[in-house]
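Here the structure comes first, spelled out in structure tokens, and everything after it is commentary.
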Amino acid sequence: MKTVDFSLAGVQLTALGSGALWWQDKSLLCISDLHLGKSERILRRGGSALPPYDTRDTLIRLEQDLRFTNAETVVCLGDSFDDLEVLDAMPESESNWINRLQAGRRWVWIEGNHDPGPVELPGSHLAELPLPPLTFRHIAETGKSGEISGHYHPKVRVQTRLRGISRPAFLFDADRVIMPAYGTYTGGLRSTEAVLSELMRPEAKAIVTGQTPRIVPLPRQAKR
């Protein structure tokens, strides 16, 4: 598996191509915005029927990342489930799958804006997790440093030899990392949007996810 190393607040971190973040010194794997059960939620609320494989696809990738890292701690940075009713509708095979992944690990559910943490499942349920010099929370806060957050599902557009493509991406600078969404069917927010440009320092960079993750300059909104 190809990865990209970088640092935040003196801590060495590794971005995986899947969109997970690995802190080797703490044996900690961080993932954000799984939005498990999104296809079920959309259909339940009268939307279009999507192939109902998003939860399984997300859990397959998570299981692969856990095998690769053998992480002892997993931090889910909020919006782990797409709404509060998803767990009730989740097939037993999928909820058992989550329980198997949790077995033998410290598992932290951070509260998101879509869910308050899946309180029916084992693990710690926190508003945020301080592990100095880093702090894990769902939504970035201005004026903070050493912060790892999610929420915005950032994407960047990169140019290939044939065309431009949009990919989920980590955004990082000297103060913070904003994680890409890990879940299937999650969509994303362009890095050129004002809310992301305002959060990130001028020298910020992006790590494009995929089979060959790589660091690129952070695309920003053109000045008028």
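The values are calculated or read from the model by the stated rules, or taken from the named source; none is laboratory data. What you are looking at is a predicted structure, and each value in this text was computed from that prediction instead of being measured. For neighbour counting, all protein chains shown are included, and Cβ atoms are generated from backbone atoms with ideal geometry for every residue, glycine included. For accessibility, only protein heavy atoms count, side chains too; no ligands or nucleic acids. Shrake-Rupley method; radii C 1.70, N 1.55, O 1.52, S 1.80 Å.
Go through region 194-214 and give me each residue that's in contact with a Phe, Trp or Tyr (Cβ under 9 Å, 6 or more places away or on another chain) and either loosely packed, with under 15 Cβ neighbours inside 10 Å or within 13 Å of ARG167 (Cβ to Cβ) (or both).
The initial filter retains those residues of region 194-214 that are in contact with a Phe, Trp or Tyr (Cβ under 9 Å, 6 or more places away or on another chain), namely 195-196, 199-200, 204-209, 213.
The answer is VAL195, ALA206, ILE207, VAL208, THR209, PRO213.
One residue is enough: does region 166-173 have a residue meeting the conditions out of contact with any Asp or Glu (no Cβ under 8 Å at 6 or more places or on another chain), within 27 Å of ALA9 (Cα to Cα), aromatic (Phe, Trp, Tyr) and open to solvent by 10 Å² or more (accessible area, probe 1.4 Å)?
Filtering region 166-173 down to residues out of contact with any Asp or Glu (no Cβ under 8 Å at 6 or more places or on another chain) leaves 166-172.
Next, from what is left, pick out any that are within 27 Å of ALA9 (Cα to Cα): 167-172.
Narrowing further to those that are aromatic (Phe, Trp, Tyr): 170, 172.
Among the residues that remain, those that are also open to solvent by 10 Å² or more (accessible area, probe 1.4 Å) are: 172.
Yes, region 166-173 contains at least one residue that is out of contact with any Asp or Glu (no Cβ under 8 Å at 6 or more places or on another chain), within 27 Å of ALA9 (Cα to Cα), aromatic (Phe, Trp, Tyr) and open to solvent by 10 Å² or more (accessible area, probe 1.4 Å).
Condition first: modelled with pLDDT of 95 or more and either in a helix (DSSP H, G or I) or open to solvent by 80 Å² or more (accessible area, probe 1.4 Å) (or both). Now tell me which residues in region 62-93 satisfy that.
First, pick out the residues of region 62-93 that are modelled with pLDDT of 95 or more: 62-77.
Hits for region 62-93 are LEU62, GLU63, GLN64, ASP65, LEU66, ARG67, PHE68, THR69, ASN70, GLU72.
Rundown of residues vs (1) part of a loop (DSSP other than H, G, I, E, B); (2) modelled with pLDDT under 95; (3) basic (Lys, Arg), yes/no style:
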position	(1), (2), (3)
ASP25	no, no, no
CYS30	no, no, no
LEU34	yes, yes, no
ARG41	no, yes, yes
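Would you check if there is a residue in region 110-125 being within 20 Å of LEU29 (Cβ to Cβ), outside any loop (DSSP other than H, G, I, E, B) and open to solvent by 10 Å² or more (accessible area, probe 1.4 Å)? Outline the logic, then answer.
As a first pass, look at region 110-125 and keep what is within 20 Å of LEU29 (Cβ to Cβ): 110-112, 115, 117-118, 121-125.
Narrowing the set further to residues that are outside any loop (DSSP other than H, G, I, E, B) leaves 110, 124-125.
Okay, now just the ones that are also open to solvent by 10 Å² or more (accessible area, probe 1.4 Å), so 124-125.
Checked against the condition, which is being within 20 Å of LEU29 (Cβ to Cβ), outside any loop (DSSP other than H, G, I, E, B) and open to solvent by 10 Å² or more (accessible area, probe 1.4 Å), region 110-125 yields at least one hit.
Might you let me know whether region 184-197 holds any residue that is in contact with a strand residue (DSSP E or B) (Cβ under 9 Å, 6 or more places away or on another chain), among the aromatic types (Phe, Trp, Tyr) and in contact (Cβ under 8 Å) with a residue 40 or more places away in the chain?
No, region 184-197 contains no residue that is in contact with a strand residue (DSSP E or B) (Cβ under 9 Å, 6 or more places away or on another chain), among the aromatic types (Phe, Trp, Tyr) and in contact (Cβ under 8 Å) with a residue 40 or more places away in the chain.
For region 94-109, which positions are modelled with pLDDT of 95 or more, in contact with a Ser or Thr (Cβ under 8 Å, 6 or more places away or on another chain) and in a helix (DSSP H, G or I)?
none
Of all the residues that make up region 140-162, how many are assigned to a loop (DSSP other than H, G, I, E, B), loosely packed, with under 15 Cβ neighbours inside 10 Å and on the phi < 0 side of the Ramachandran plot?
Step one: list which residues in region 140-162 are assigned to a loop (DSSP other than H, G, I, E, B), which gives 140-146, 150-153, 160-162.
Retained after the next criterion (residues that are loosely packed, with under 15 Cβ neighbours inside 10 Å): 141-145, 160-162.
Of the ones still in play, those that are also on the phi < 0 side of the Ramachandran plot are 141-142, 144-145, 160-162.
Here the count works out to 7.
If I filter region 179-224 down to residues being part of a loop (DSSP other than H, G, I, E, B) and among the small types (Gly, Ala, Ser), which single residue comes out as farthest from GLY112 (Cα to Cα)? Please lay out each step first, then the result.
Going residue by residue through region 179-224, those that are part of a loop (DSSP other than H, G, I, E, B) are 179-188, 191-193, 200-204, 209-213, 218-224.
If we keep only those that are among the small types (Gly, Ala, Ser) as well, we get 181, 183, 187-188, 191, 204, 210, 222.
Numbers: ALA181: 13, GLY183: 14, GLY187: 17, GLY188: 16, SER191: 21, ALA204: 25, GLY210: 25, ALA222: 31 Å.
Across region 179-224, the extreme among qualifying residues is ALA222.
Which condition breaks for ILE165 when tested against (1) without any contact (Cβ under 8 Å) to a residue 12 or more places away in the chain; (2) at negative phi; (3) in a loop (DSSP other than H, G, I, E, B)?
Condition (3) is where ILE165 drops out.
Counting only residues that are in contact with a His (Cβ under 7 Å, 6 or more places away or on another chain) and in contact (Cβ under 8 Å) with a residue 40 or more places away in the chain, how many does region 115-138 have? Reasoning before the result, please.
Step one: filter region 115-138 for residues in contact with a His (Cβ under 7 Å, 6 or more places away or on another chain), giving 117, 119, 138.
From the residues that got through so far, the ones that are in contact (Cβ under 8 Å) with a residue 40 or more places away in the chain too are 138.
Qualifying residue count, region 115-138: 1.
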